[in-house]
Amino acid sequence: MQYKHIMVAIELSEQSNILIERATFLAKQLGSDISFIHIDGTHGEIYPDLVDIKANPDLRPVNEHTMEQLKEFDASTDYPVKKIIVGTGDLSEKLHEVIAGNGIDLLICGHHQDFWSRIISYSQHLINKSPVDILVVPIQS
């Protein structure tokens with residue numbers, strides 16, 4: 001299959017680099033676009049809109065520290081990142097809007113292989129709601 005736009009669901013940890021490396025590898029092989037998405041669910045949906053911080057750098061839907069970390073992911077990638085979409089709430093609830101509005105045809109997310117992730121799997125919520133293919137990358141804890 002020819003993926004044209006790959007979206008990487010990143011969290012603010014070094015482990016997201018594994019997901020970005022996978023996306024970059026695929027994008028180079030296929031000539032695809034890459035975008036990142038980060039949804040901060042720690043405080044609920046305090047900012048319901050999704051913002052592309054590359055297109056709208058003055059908008060701050062999350063705190064400054066988070067913005068800096070996302071920019072660091074962008075700067076460390078050796079492939080152009082088309083969009084960095086940021087918001088709050090639950091990513092699985094926003095998937096259809098993000099995917100349809102941005103022409104996404106592959107979502108890459110991580111799955112922690114630890115005790116708690118066996119009980120409560122966030123990637124399972126994405127799988128159940130995604131209208132596109134998903135690459136779930138195992139993350140060793």
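List the residues, sorted by chain then number, that are 5 or more residues from Leu106 or on another chain and whose placed amide H is less than 5 Å from its amide H.
His5, Met7
Residue by residue, what Karplus-based ³J(HN,Hα) values in Hz, rounded to whole numbers, does the stretch 20-29 have, using 6.51, -1.76 and 1.60 with θ = phi - 60° and x for Gly and Pro?
For the stretch 20-29, the Karplus-derived couplings read 5, 4, 5, 5, 5, 4, 5, 4, 5, 5 Hz, x marking Gly and Pro.
Assuming R0 = 25 Å, can you tell me the calculated FRET efficiency for the pair Gln2 and Ala75, based on Cβ-Cβ distance, to the nearest 0.05?
0.35
Determine the dipole magnitude for the chain: charges of +1 sit on the beta-carbon of Lys and Arg, -1 on that of Asp and Glu, nothing else is charged, the reference point is the Cα centre, and the result goes in debye to the nearest 20.
Rounded to the nearest 20 debye, it is 400 debye.
With contacts defined as alpha carbon pairs under 8 Å and 6 or more residues apart, what's the relative contact order of the chain in percent?
29
For Asp58 and Leu135, calculate 0.36 nm times their separation in residues minus their Cα-Cα distance, and state this gained length in nm to one decimal.
24.5 nm
If you average 1/r across every pair of different Cα atoms in the chain and take the reciprocal, what Kirkwood value do you get, in Å?
One over the average 1/r among Cα pairs gives 15.2 Å for the chain.
Among the DSSP beta bridges whose two residues both lie in the stretch 5-140, what percent are antiparallel, rounded to the nearest 5?
10
Of Tyr3, Met67, Ile39, which is farthest along the charge dipole of the stretch 1-77 in the positive direction, counting Lys and Arg as +1 and Asp and Glu as -1 at C-beta?
Positive-end residue among those listed: Tyr3.
Starting from the 7 Å offset along Cα-to-Cβ, what nm value, one decimal, do you get for the label separation of Ile127 and Glu21?
2.3
Kindly identify the stretch 1-43 as rounded, prolate or oblate by the Cα gyration tensor criterion: order the square roots of the eigenvalues as a ≥ b ≥ c, call it rounded if a/c is under 1.5, otherwise compare a/b with b/c, prolate if a/b is larger, else oblate.
oblate
Each value in this text was obtained by applying a stated rule to the coordinates, not by laboratory testing. Computed from a predicted structure; not experimentally measured. Don't worry about glycine lacking a Cβ; one is built from the backbone with ideal geometry, like all the others, and counts go over all protein chains shown.
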